[in-house]
Amino acid sequence: MFNKIYSWFHRKTSSPDQEGEYSAGFWQEKVRRSAVGFLRGQQGNILEIGCGEGLFLLELSRENPQAQIFGIDFSRERLKQAEEKINKEGLNNIHLSCQEAPRIDFEEGKFDAVACVNVFFNMPSLSIIKETLLQARRVLKKDGKLVFDFRNSLNPLLLLKFSLARFYDPTIKGLPLKTYSPAVIENALAESGFEILRSEFISAFLFKIFAPVIVIEAKKR
């Protein structure tokens, strides 16, 4: 029963053009919109780490047709889905490759911006996130921009949702669903050579610090 209720809610809160997509979802879409906003008007080379089936790549390409956009993911199946979407829209500024973070096979200083959206909560540990941040810094140009999000461990409803997720969401099988406090993420950024420029607090009704999802724009120091 819970599975059916969740599936109905998931369909109702997903964008009509994303219904049935693996990466669709209420917070997932809000994160993508926020990240696209942070990167609107960005020129040069942009990398998305963990591009999945390409939902964010397509939005980014529409907003930044002058940029060259690169997407990496470990799943060849998801990359094939992304390629089909790209070809359907006739986009020629998106480039895909099969890579798994934190190993990123691009030269140092290639990118003007790096995005990693709806990914960190699916990484198995904070140490992997830190390694990914270091690799993102390596491939960024001087003063390059990093945009990412994390699920906030200070939000009790989010913790309850994740603890019960295995009972209603079949798509999370085997996923870690990790949450972190803002302080932990801020420390990881500082240790990795980034400074925070601004943050957006997704679905923060009363106090920003308890927002279930926080999107951050940071700069390479």
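At-a-glance table
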| quantity | calculated |
| --- | --- |
| DSSP-defined beta bridges in segment 2-220 - what % are antiparallel, rounded to 5 | 45 |
| Net charge contributed by nearby residues that have their C-beta within less than 9 Å of residue 196 (K/R +1, D/E -1) | -1 |
| Dimensionless Rg ratio for segment 41-128, taking C-alpha atoms and the 2.2 N^0.38 Å reference | 1.04 |
| Reachable lysines from residue 178, criterion Cα separation under 23 angstrom, eight or more residues apart if same chain | 30, 130, 161, 208 |
| Per-residue ³J(HN,Hα) for segment 34-41, Karplus 6.51 cos²θ - 1.76 cosθ + 1.60, θ = phi - 60°, Hz, x for Gly and Pro | 4, 5, 4, x, 5, 9, 4, x |
| Local net charge near residue 68, Cβ-Cβ under 11 Å (Lys/Arg +1, Asp/Glu -1) | 0 |
| Listed peptides 52-58, 142-148 by packing density, highest first (mean Cβ within 10 Å) | 52-58, 142-148 |
| Long-range amide H partners of residue 115 with built H, under 5 Å | 47, 48, 49, 147 |
| Helix-only [θ]222 nm of the chain, DSSP H runs n ≥ 4, -39500 (n - 2.57) each, per residue, nearest 500 | -11500 deg cm²/dmol |
| Karplus-derived HN-Hα couplings along segment 47-60 (A = 6.51, B = -1.76, C = 1.60, θ = phi - 60°), whole Hz, x at Gly and Pro | 10, 10, 8, x, 6, x, 8, x, 4, 6, 4, 5, 4, 5 |
| Separation between Cα centres of segment 193-221 and segment 105-159, rounded to whole Å | 13 |
| Neighbourhood charge, 13 Å Cβ-Cβ cut-off, centred on residue 50 and excluding it, Lys, Arg +1 and Asp, Glu -1 | -2 |
| Per residue Cα convex hull volume in Å³ - calculated over segment 162-216 | 113 |
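The numbers here are math on the coordinates, done by the rules we state, and not lab data. Quantities reported herein were computed from a predicted structural model and do not represent experimental measurements. Cβ: placed from backbone, ideal geometry, glycine included. Neighbour counts: every protein chain shown.
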